[in-house]
Amino acid sequence: MLNKKHQHIFALLLHFLTLFLISTLLPLYCDFYLDRTLTWSGYVVFSILLVYIIVILPLWFKKRTPAVFVPIDFLAIALFLHYINYATGADWFLSLAFPLITYLGIIVTTASVLLYYLKKGHLYVIGAFFIALGLFMDVIEICLMITFKLNFEGWSLYPTIPLVLIGVGLIAISISRNIRAILSRKLHF
């Protein structure tokens, strides 16, 4: 038998599931009823499904490790973008969305897993994340150039340089005990 706390959580999740079913079936019905075809309801259904996967799905589990749920979130986002690409008849998913969501998924998953499991060295991880995020700006510009046949504008250097410098600074702070001691005294941490 479930105790009161588990009964409450189970009832709450059941309510979310009911809301999810109603909010997906209603747009499907309205879209089909109006045109006798499904046109716009796919966007609504996949958006609701995406919110369900990112927000509600982790609530079903006691242990929410980032090694499992962060990649699932990025996979769901990639599938949603693929659906939009397919539904609009466009051709940007493989050259733009897929590389960007994959790169971002890898760096966010790696950083969140390392921050979750490591007891020390968080500044190293955050510094490396800032550097990878800075390089991500260059990947965005390259993917945009390939997808839309653009010339190199160099706009990506403006966010890349500060992000990389912040990352290098955080790694330098984590290496130097003197700097860490001075900052801890000044910032009271």
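Observations, loosely collected:
- Chain lengthening between Leu115 and Lys4 when straightened (0.36 nm per residue, less Cα-Cα): 36.6 nm
- If R0 is taken as 22 Å, the Cβ-Cβ distance between Ile106 and Leu79 corresponds to a FRET efficiency of 0.85.
- Dipole of the chain [Lys/Arg +1, Asp/Glu -1 at C-beta], most positive-end residue of Thr147, Trp40, Tyr158: Tyr158
- Along each principal axis, taking the top coordinate minus the bottom one, the Cα set of the range 45-179 gives 57, 48, 15 Å in descending order.
- The length gained on full extension between Lys149 and Ala67, counted as 0.36 nm times the residue separation minus their Cα-Cα distance, comes to 25.9 nm.
- Solvent-accessible surface of protein heavy atoms, probed at 1.4 angstrom with all chains present, puts Leu123, Leu19 in the order Leu19, Leu123, largest first.
- For the chain, the longest principal axis of the Cα atoms and the long axis of helix 122-148 meet at an angle of about 60 degrees.
- Accessible area ranking (1.4 Å probe, heavy atoms, ligands and nucleic acids excluded), largest first, for Lys186, Lys120: Lys120, Lys186.
- Cα centroid separation, the range 107-179 to the range 1-76 (Å): 32 Å
- The residues of the range 94-144 expose, per residue, 53 Å² of accessible area to a 1.4 Å probe.
- Potential extension, Leu187-Thr18 segment - 0.36 nm per residue separation minus Cα distance: 56.0 nm
- Three-way shape call for the range 44-114 based on the alpha-carbon gyration tensor, with the a/c threshold at 1.5: oblate
- The chain: angle of helix 41-51 to the longest principal axis, Cα-based, in degrees nearest 10: 40 degrees
- Alpha-carbon Debye profile of the range 92-155, log10 I(q)/I(0) at 0.27 Å⁻¹: -1.08
- Global form of the range 25-75, assessed from the alpha-carbon gyration tensor, a/c cut-off 1.5: prolate
- Rounded percent of accessible protein surface that carbon and sulfur make up, the chain, 1.4 Å probe: 75 percent
- Over the residues of the chain, the helix contribution to mean residue ellipticity at 222 nm works out to -26000 deg cm²/dmol, using -39500 (n - 2.57) for each DSSP H run of at least 4.
- Residue of Ile131, Ile173, Ile72 that the Gaussian network model of the chain assigns the largest fluctuation, springs spanning Cα pairs under 10 Å: Ile173
- Helix 66-88 vs. the chain, principal-axis angle (Cα, 0 to 90°, nearest 10): 60 degrees
- Number of Lys-Lys pairs in the chain with C-alpha atoms under 26 Å apart and a separation of 8 or more places or on different chains: 10.
The values are calculated or read from the model by the stated rules, or taken from the named source; none is laboratory data. Keep in mind it's a predicted model, so treat the numbers as computed, not measured. Because the Cβ atoms are built from the backbone with ideal geometry, glycine has one as well, and the counts that use them run over all protein chains shown. What goes into the accessible areas is simple: the full protein's heavy atoms, side chains included, and nothing from ligands, DNA or RNA. Shrake-Rupley method; radii C 1.70, N 1.55, O 1.52, S 1.80 Å.
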